[in-house]
Structure formats: C-alpha cells, structure tokens
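Have a look at the structure below before the remarks.
The values are calculated or read from the model by the stated rules, or taken from the named source; none is laboratory data. Bear in mind that the values here come from a model prediction, so they are computed numbers and not experimental data. All Cβ positions, even for glycine, are placed from backbone atoms using ideal geometry, and neighbour counts span all protein chains on display.
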Amino acid sequence: MKPFEDKAFENVPEQDEAALQLGSFLRENYKAPPLPNPDFFNHQLMQRIEAEKRTVEKKPTRFFWRLPRLAWAGGFCMGMVALIYGFAVPKSPYSSNVGSVAEILNTQIDDPAITSTLFHSNDHKLTVLWLEGWDSLPVNTLEGGKPENDRGASLEGFDYFREETGS
Amino acid sequence: MVEDRRIREAADMELVSRCQRGDTQAFNELVNQYRGKVYAMIYNMIHNEQDAWDLTQDGFLKAWKSMGRFQGQSAFYTWLYRIVMNSTIDWMRQRKIAGEGEFDEECSLGQVDARATTVPHSDPLPFQKMERDEIRKRIDAAVDQLSPEHRAVIVMREMDGMPYDEIAAVLDCSTGTVMSRLFYARKKLQSALRDLYEAI
C-alpha cells in the first residue's frame, strides 16, 4: 500500500477523528515498561546461542557414527561370510554335475529286493541305470547280455552301462 | 526519515551477513538494537513481564537459528517481527488467550513502571499514579477482548507506528486484511475506552 492509500484509509469519515483520538490516547497511556536487566538478557541469550552451536557441531559426528558405520559394518560382515563360504566350506566332488539336466525314466524290476533307477541326459547322450540290492553284478551283464541267474532286471537296449556304487 | 531507514537497513544487512558467517558479536549488536522494541511489543500483547522476557529470548534465539535462511527480501526487523509475532500468537493460542471477555489476572503484575523505583524524582504524585494505573488496567482489559491477530495489528500500528505493508509482511497477510483487523480492533477499543479518552 502506498502512503497516500494509508492516509485515504485513515481519513475515512467514520474513523477519522475517533481513530486519531484513540491512537494518541494509546500512545500516551499504553507504554510498555523497558526491558528489565537488558545486560543479563544479552548474556543469557548468548549462552543459549553458544549451547545451540555446540549441539549443532556435535550433530555431524553423531551422524558419522550412525549410518556410515552401519553400512561399513554390514559390508564387512557380508565379506566375512563370503570368505568363510569360499574357503572353509568343502566343495562336493559331484558339484560339477549338479548343473546337468537328467531325466528320470521309468524302470521295472520283478525282484522286490532290488530297486532300480534310470537316468537319461539328452545333453550328454548318457543313460545311467542305478541298481541297489544286488550283491554282485553278473559278468555277462557287463557284456550286454541277459543276466545268468535271471533275477528280473532287463538291461537290453542300452548303449552304455555303468555301475554307480554311490559310496 | 526515509534516508535514515535505508541507512539503518543497510547497517542491519551488514550485521546479518556477519551473523550468517557465525559472528555472535554481530548478533549481539542486533539484539541491542531491537530487544527493547520487541519486548515492548510482546509485553503490550500479553501484559506479563516474565512471559514477555521469555518470548523475547525465544524470538531472538529462533532468529539466530534461522539466520542462514534470511535472504534479505525484507528488512531485518520485519523478518524479526514476523518470527516474534508468530511465536507470541502461537503462545497465546496455546494459553487459550482468544479475546472476547477473557481477562488474565496476571496482567496486574506488570502495572508498575520499572523506572519508578530507580528514579525516585520522576515519580508521579500518588493520585496521578493511581489514575495512571487505573487507565492502564482499563486499556489492558479492553485489549484482552481482542484476538491475538487483532492485538498484533493494533500494537504494531498504534504503538510502533508501522505502515500497513510492513504489518502485512510481518503477519503474512494482505494489506486489506490488516486494515480490516485494524478497523475491527479500533471499534472494539473505542467502545470500551471512549469515556476515558474523551474525558482526558
């Protein structure tokens, strides 16, 4: 608002005289006492400011010991876990085969004392027959023929046969 | 007058820039310059010496903390008054001092002029003092009828003589709102005090 607008508002007839009278009356009779102990006021205020500055200076230190240290501690722990896993845990001798894809085929056997499991891998062009329960493998079976004692496992039609003891 | 104001504002800005670099001595100078005005303004709004002291302290402390955010878009004292007025109005709201008939009995504690005890030769005569105290009580009671915002406008305009645009900047409202509040506050005070000031 510009000064002449101030005056225009003050000079509204309703307010004119009464407002001026009230204003001068208040200025005359409504004076606040002076600030008591002004020097102590400044002293106390400066002390509070100094305390505030000390608090502000401490804040970055606290921050450093919170988030960054947590992050470093977390990273260190993960590194230790990786080291322990890499060096202390022994690797399985079959771990290289873990990734190969094998298909379990259906097998049938007459003798209930013998269990058989058949694996076939297309990638390696390999079929494995796993037999459990036989005390010994007949000699002519390894040559591709039928077993002599004919206990029921039929091995005909396989290109390759290997006994896996699984020990 | 305008030139004086510009010189004062320029000096304030120099002190402010030193404060922003962490110079507490510069802030001490600003406090020396404005503590009396700020205290008087708060005292006239709440009528209690101790609370006015505390609110003045808090206002200056807030100003120090916010000094880094002061861009110089307004005069320093306008910015300082804004901080102080907001604190005082919030304080009054928390105390549920909302005007319209409420009367704070603590007001009577601050009636005695502090200079009276230290400068005996300027003491008014007993009947003059009684009369002055009586007038002060009547004014306090009338001002207590006003809301915090209306008190702020009347104190800044009538006691401090601030122009409307500065009052609007301090209270963060339009000049129209300032005029409206001033009109309403004057009406209230006139109806409460007319017999006094017409008799005088």
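Quick look at the numbers
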read-out	value
Number of positions in the range A:23-55 that are at the interface with another protein chain (Cβ under 7 Å from one of its Cβ atoms), closer than 19 Å to B:Tyr39 by Cα and among the aromatic types (Phe, Trp, Tyr)	2
Filtered residues of the range B:61-73 (kept if out of contact with any Phe, Trp or Tyr (no Cβ under 8 Å at 6 or more places or on another chain) and either modelled with pLDDT of 90 or more or within 14 Å of chain A (Cβ to nearest Cβ) (or both))	B:Leu61, B:Lys62, B:Lys65, B:Ser66, B:Gly68, B:Arg69
Selection count where residues are within 12 Å of chain A (Cβ to nearest Cβ) and either in contact with a strand residue (DSSP E or B) (Cβ under 8 Å, 6 or more places away or on another chain) or surrounded by fewer than 20 Cβ atoms within 10 Å (Cβ to Cβ) (or both), scope the range B:1-25	6
Helices (runs of 4 or more DSSP H) completely within the range B:139-200 that count 3 or more residues being within 11 Å of another protein chain (Cβ to nearest Cβ)	B:164-171, B:175-199
Subset tally (residues that are under 8 Å from the mean Cα position of the chain (by Cα), touching a residue at least 24 places away in the same chain (Cβ under 8 Å) and within 8 Å of chain A (Cβ to nearest Cβ)) for the range B:33-57	4
So B:Asn32, is it more than 26 Å from A:Glu57 (Cα to Cα), surrounded by 16 or more Cβ atoms within 10 Å (Cβ to Cβ) and out of contact with any Asp or Glu (no Cβ under 7 Å at 6 or more places or on another chain)	no
